[in-house]
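Each value in this text was obtained by applying a stated rule to the coordinates, not by laboratory testing. The model shown is predicted, which means the values in this text are computed figures rather than measured ones. Don't worry about glycine lacking a Cβ; one is built from the backbone with ideal geometry, like all the others, and counts go over all protein chains shown.
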Amino acid sequence: MRTKFNNASEAYDYFHNEIILNGVDFDDTKALFNVGFTIENPLDNGIQNAERSFNIDYAEAEWRWYLSGDPKISKLGEIYGKIPAIWKHMADEYGEVNSNYGYQWLRNDQLKQVVDMLISNPKTRHAAISIYDGKERYRYSKDTPCTYAIQFTVLNSKLNMSVYMRSNDLWYGFCIDQYCFSSLQKLVSESTGYEVGTYYHHAHNLHIYNNKIK
């Protein structure tokens, strides 16, 4: 299995085929387990696959929603002009979700602390942001975050980023997630002065839902 790709679109095409050919049947999906790979140019984050019809305007709107730190889906509606049905399904009685990752990394100043650590100590191994938290499962009745954590490391004066996911739908989740995570990598790069390096993506479960497989 390949572990290095030039950009996100190349990774998407490869794993789309790999899942269909070698994925196992698992809960209305075909899935691969413990998949890890590196994207060498993370800022080349558009998905070019014609069948997927990646909407970069929506991806940018979701990123801006993350930047707001507002867990209310109404904020996404203000930015994008409408609220996708998936978010309406995931929202709680207050119209809020746990999977606004910006809301998560702004909690307890996680993002600020990461930036400060990277500036003060380029060799730090503590520049990590926690998202999924087993101690908060009581909050996940309608919306469980798919991402465990994000960690940053400076190597050869470049800012590398690793993302660790418990579950990752390739068709929708990976395409949007990698766009927002690479945008976060760019933001941290600009905030710390380090050049953007590589993006490592690990998914315990990488899958495609059966209704997306022809």
Specify which residue in the list 154, 185, 130 is farthest towards the positive end of the charge dipole of the range 104-214, using unit charges on the beta carbon of Lys, Arg (+1) and Asp, Glu (-1), about the Cα centre. 130
The chain: DSSP helices with Cα axial extent of at least 24 Å and average Kyte-Doolittle hydropathy no lower than 0.5: none
Return the aspartates and glutamates within reach of residue 212: Cα separation strictly under 13 angstrom, same-chain partners fewer than 8 residues apart disregarded; answer none if there are no such residues. 28, 51, 169
Filtering GluC sites (Glu not before Pro) in the range 39-84 by DSSP loop and by at most 14 other Cβ atoms within 10 Å leaves 40, 51
The range 1-101: which chymotrypsin sites (Phe, Trp or Tyr not before Pro) are DSSP loop and have at most 14 other beta-carbon atoms within 10 angstrom? 26, 94
Rounded to 5, percent antiparallel among DSSP beta bridges of the chain: 70
Rg in Å to one decimal, and Dmax rounded to a whole Å, for the range 1-78 via C-alpha atoms: 15.5, 42
Which semi-axis lengths, in whole Å and largest first, follow from the square roots of five times the eigenvalues of the Cα gyration tensor of the range 102-214? 27, 18, 11
Between the DSSP loop rule and a limit of at most 13 other Cβ atoms within 10 Å, which trypsin sites (Lys or Arg not before Pro) in the range 88-152 are left? 123, 125, 142
Could you tell me, in Å, what Rg and Dmax come out for the Cα atoms of the range 155-214? 14.0, 45
What fraction of the Cα pairs in the chain, stated in percent, has a spacing above 28 angstrom? 27
Looks like the range 57-120, by Cα gyration tensor root eigenvalues a ≥ b ≥ c and the a/c under 1.5 rounded cutoff (else prolate when a/b is bigger than b/c, oblate otherwise), is prolate
